[in-house]
Amino acid sequence: MLIIRRISTNRWWHKKKTWILFAVFLFLAFVRISKGSLYKDFYYFISKPFWPGQFQKEIVLESIDQEYLIKLNLLKKDNLRLRRILSLQESSNNDNMSAAVISRKTGSWWRQIILNKGSKDGVEIGDIVIGPGGLLGRVRDTSLLTSSVTLITSPESKLGVWVDRIQTNGLLVGLGDDNPTLILYSKDADIKMGDFISSSPASTLLPPNIPIGIIQSIDETLKSKKTAKISLLANPQVIDWVQILKVNI
């Protein structure tokens, strides 16, 4: 009777061992198929108490900010050095001032606005005027208390601009309407509607990288050049306050 019980117990153990091996095999197969995702999720939970704390996170973020700041300052210094070498103009943030629009002639042929800041406030001919969104124009003349600004939509306005996507220069010409014309003296220039334009790094009249507008439509009928109509980012007809940027040569 004792022998029979031992045989029965052995059979049960062998069956249990087989099921354990089978379960281990299924688990390993699942890990293989899931490419270790279960293990990674499990590791996520058990390692969570040992993650870097908020203090360490702040240190890392501060280091990253300092790195970006250093790079930005180096780029500014390099840009300033190159522009001085090329005798190009630059804007001075220390001398920027706000001014109110007290009169506007945006519907006339000459297209200009008058501001409530003049020579008494340090405004000079050639200073740059920007509004919410981008460039509006340049100071044409000043009185003691006011200054007149020629808008970039005026036929008097001709500015060097930069098409950012294709990294090329062009000429922005005012025609007396709301949309100045971009001229590219290359028939092969790959401009597209929606391309962003800004003041050119090579301009002798403007500091670089001032937003101006986007390409609204393209005319490819001319044989020697491409032209495009520009939708301005700053609308002089609705702007009441502007910024005057002092320009240093």
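None of the figures in this text is laboratory data; all of them are computed from the coordinates on show. This one's a predicted model, so the numbers in the text were calculated from it and none came from an experiment. Neighbour counts run over all protein chains shown; Cβ positions are idealised from the backbone, glycine included.
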Problem set entry | Label point 7 Å beyond Cα of Leu175 along Cβ direction - residues of region 184-221 with amide nitrogen under 14 Å | 184, 216-221
Exercise. In nanometres, what is the gap between the two model label sites at Lys120 and Lys223, each 7 Å from Cα along Cα-to-Cβ?
Worked result: 5.9
Problem set entry | Summed residue charge, Cβ within 15 Å of Thr181's Cβ, Lys/Arg positive, Asp/Glu negative | -1
Seminar exercise, completed: Per residue, the convex hull enclosing the Cα atoms of region 112-157 spans a volume in Å³ of 63
Exercise. Once the piece of chain linking Gln216 and Trp241 is laid out straight, how much longer is it, given 0.36 nm per residue of separation minus the C-alpha distance between them?
Worked result: 6.4 nm
Seminar exercise, completed: Expected sort for Thr142, Thr204 with the fewest Cβ neighbours (10 Å cutoff) up front is Thr204, Thr142
Exercise. Of Ile191, Trp162, Met97, whose Cα points farthest to the positive end of the dipole of region 90-249 (charges on the beta-carbon: +1 Lys, Arg; -1 Asp, Glu; origin at the Cα centre)?
Worked result: Ile191
Exercise. Using the Karplus equation 6.51 cos²θ - 1.76 cosθ + 1.60 (θ = phi - 60°), what ³J(HN,Hα) coupling, rounded to whole Hz, does each residue of region 114-129 give in order, writing x for Gly and Pro?
Worked result: 10, 10, 8, 10, x, 4, 4, 8, x, 6, 10, 4, x, 4, 8, 10
Exercise. Among the listed pairs Lys105/Lys246; Lys192/Lys223; Lys117/Lys246; Lys105/Lys158; Lys187/Lys229; Lys105/Lys225, which are separated by more than 21 Å between their Cα atoms?
Worked result: Lys105/Lys246; Lys105/Lys225
Exercise. Given the C-alpha centroids of region 140-160 and region 162-234, what is the distance between them in whole angstrom?
Worked result: 20
For this session: With a 10 Å radius around each residue's Cβ, average the other Cβ atoms per peptide and rank 118-125, 159-166, highest first.
Result: 159-166, 118-125
